[in-house]
Amino acid sequence: MKIRVLFVCLGNICRSPMAEAVFRDMIKKEGIDHLFTVDSAGLGGWHSGERPHAGTQKILEKYEISYEGITARQVDTSDFDSFDYIIAMDADNLDGLKRLAGKGNHNKIARLMDFVQGAKEKNIPDPYYTGNFDYVYELVTEGCTNLLEKIKKDNSIS
C-alpha cells in the first residue's frame, strides 16, 4: 500500500506544484519513491490543465528538479478519501480544505510549515503575487524535509 500525499494551494500553478516536485525529488533521491503517490491540486480550478507557473519552472530548473507531468487540477472531494496527507500552503488553503472536507478527514489536513518547529513563517506566501519564488522554494524545501521525516517515522521507513 502506498503513502499518498497531496499538496494544495490556491490555483495549483506556483506553490503546490513546487512542493510536489521537491517532495518527489526527495523521495527519489532516498530511493523510497516506490512507496509513495504524490500529487498537487488547487482550491480553484482557474488553471486546470496548465503547467506550473514560469517562476516555479525556473526555480525547479535552477535546482535540477523535474516537474515533468505536473499539471494543475482542482481539489475534488474524493481526494479526502484518496490521500493520507493533505498539505496546505497557507491558513486560507487550510480553512478551504477543512470546509470542503466537511466533518471528517480533518486529521489528515495540515499546513506544510506546521511540520517545521520554530518556523519563521507559518504560511508560505504566494509568489504569484510576491514574485519571490526563491524564498518560497526555501520554505517549501524546509517544510517538505520535515514532512518527509514525519511520514518516515509514522510509517517506520528507515
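Going residue by residue through segment 88-107, is there one that turns out to be on the phi > 0 side of the Ramachandran plot, open to solvent by 20 Å² or more (accessible area, probe 1.4 Å) and at pLDDT below 95?
yes
Tally up the residues in segment 62-87 that are among the hydroxyl-bearing types (Ser, Thr, Tyr) and buried (at least 17 other Cβ atoms within 10 Å of the Cβ), please.
Number of matching residues: 2.
Which pairs do you get when a residue that is in contact (Cβ under 8 Å) with a residue 12 or more places away in the chain, found in segment 121-139, comes within reach of a residue that is β-branched (Val, Ile, Thr) and in a loop (DSSP other than H, G, I, E, B), reach meaning Cβ atoms under 7 angstrom, with the pair 6+ apart or on two chains?
What qualifies is VAL136/ILE124; LEU139/ILE124.
Please state which one of TYR129, TYR135, TYR63 is over 16 Å from VAL5 (Cβ atoms), at pLDDT below 95 and out of contact with any Lys or Arg (no Cβ under 7 Å at 6 or more places or on another chain).
Numbers: TYR135 fails: at pLDDT below 95; TYR63 fails: at pLDDT below 95.
Sole residue among the options that is over 16 Å from VAL5 (Cβ atoms), at pLDDT below 95 and out of contact with any Lys or Arg (no Cβ under 7 Å at 6 or more places or on another chain): TYR129.
From the list ALA110, ALA54, pick out the single residue that is surrounded by fewer than 20 Cβ atoms within 10 Å (Cβ to Cβ), within 12 Å of the chain's Cα centre (by Cα) and of a type in the set (Gly, Ala, Ser). So that I can check it myself, show each step before the final result.
Numbers: ALA54 fails: within 12 Å of the chain's Cα centre (by Cα).
Checking each option against the conditions leaves just ALA110.
Given the condition buried (at least 16 other Cβ atoms within 10 Å of the Cβ), among the small types (Gly, Ala, Ser) and part of a loop (DSSP other than H, G, I, E, B), answer yes or no: does some residue in segment 117-124 qualify?
There is at least one residue in segment 117-124 that is buried (at least 16 other Cβ atoms within 10 Å of the Cβ), among the small types (Gly, Ala, Ser) and part of a loop (DSSP other than H, G, I, E, B).
Return the pairs, sorted by first residue and then second, in which the second residue is of a type in the set (Phe, Trp, Tyr) and part of a helix (DSSP H, G or I), the first residue lies in segment 30-50 and is surrounded by 15 or more Cβ atoms within 10 Å (Cβ to Cβ) and at pLDDT 95 or above, the beta carbons are less than 9 Å apart, and the residues are 6+ apart or on different chains.
Qualifying pairs under 9 Å: PHE36/PHE23; VAL38/PHE23.
GLY143 - would you say it is within 26 Å of PHE80 (Cα to Cα), open to solvent by less than 40 Å² (accessible area, probe 1.4 Å) and free of Cβ contacts under 8 Å to residues at least 40 places away in the same chain?
On the way: within 26 Å of PHE80 (Cα to Cα): yes; open to solvent by less than 40 Å² (accessible area, probe 1.4 Å): yes; free of Cβ contacts under 8 Å to residues at least 40 places away in the same chain: no.
No: the conditions fail for GLY143.
The values are calculated or read from the model by the stated rules, or taken from the named source; none is laboratory data. Note that the structure is predicted; figures quoted are calculated from it, not measured. When we count neighbours, we look across all protein chains shown, and the Cβ atoms used for this are built from the backbone with ideal geometry, even at glycine. Side chains are part of the model used for accessible areas, which takes the heavy atoms of the whole protein and leaves out ligands, DNA and RNA. Shrake-Rupley method; radii C 1.70, N 1.55, O 1.52, S 1.80 Å.
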